[in-house]
Amino acid sequence: MTQTRPTVEIKFHINLDWWPEHGRNLRVELLSHLCTACRDGLSGSYAAEMVDWVDPETAEVARVDALWHSLRSCCSQRPEFLSSETSLATAIFRVFLANGNEPLSAVEIWQRLARRDPATILRLLIHGRSYYGIEPLIGQG
């Protein structure tokens with residue numbers, strides 16, 4: 001049986017099941033990526049809330065986690081969210097946070113980061129140690 005070699009076009013996402021399987025708490029991680037303004041304005045109940053989010057392209061309303069909403073609507077808009085000082089692995093994770101965990105390829109991640117190249121991003125995603133549960137989508141190809 002031959003294995004197909006991963007390409008820069010393979011889509012990845014944050015596997016939400018990975019977090020509890022590895023004894024990690026995604027919500028705690030999300031809190032650590034909030035900007036100072038969102039973190040300072042956070043109340044205990046807000047951290048667990050679901051809020052309505054309107055997709056700007058389709059106008060579809062969805063219930064989303066309030067932390068994800070803050071990361072998408074506020075924190076990801078700040079220049080320090082994806083600064084040159086941010087490690088590549090963390091920057092990739094933040095790209096997925098900013099886009100609501102929509103699947104992305106190494107090329108699409110590179111287009112958003114303008115750092116390194118798609119092949120380097122792919123190598124990190126395939127061969128790097130996962131701290132963020134970013135995995136290829138199952139059933140591609």
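The values are calculated or read from the model by the stated rules, or taken from the named source; none is laboratory data. These numbers were taken from a predicted model, which means no experiment stands behind them. Backbone-built Cβ (ideal geometry, glycine too); neighbour counts: all protein chains shown.
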key: Total residues in the range 117-140, condition basic (Lys, Arg) and surrounded by 13 or more Cβ atoms within 10 Å (Cβ to Cβ)   = 1
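Residue-wise test of (1) surrounded by 15 or more Cβ atoms within 10 Å (Cβ to Cβ); (2) touching a residue at least 60 places away in the same chain (Cβ under 8 Å); (3) farther than 18 Å from Glu135 by Cβ.
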{"residue": "Pro20", "(1), (2), (3)": "no, no, no"}
{"residue": "Ser32", "(1), (2), (3)": "no, no, yes"}
{"residue": "Val51", "(1), (2), (3)": "yes, no, yes"}
{"residue": "Arg72", "(1), (2), (3)": "yes, no, yes"}
{"residue": "Arg78", "(1), (2), (3)": "no, no, yes"}
{"residue": "Ile92", "(1), (2), (3)": "yes, no, no"}
{"residue": "Glu102", "(1), (2), (3)": "no, yes, no"}
{"residue": "Arg112", "(1), (2), (3)": "yes, no, yes"}
{"residue": "Arg115", "(1), (2), (3)": "yes, no, yes"}
request  = Identify all residues within the range 75-101 that are under 11 Å from His33 (Cα atoms), among the hydrophobic types (A, V, I, L, M, F, W, C) and more than 11 Å from the chain's Cα centre (by Cα); write none if there are none.
outcome  = Cys75, Phe81, Leu82
query = Is it the case that some residue within the range 35-49 is at pLDDT 90 or above and within 14 Å of the chain's Cα centre (by Cα)?
reply = no
query = Out of all the residues in the range 80-89, which are buried (at least 16 other Cβ atoms within 10 Å of the Cβ) and not aliphatic (A, V, I, L, M)?
reply = Phe81, Thr86
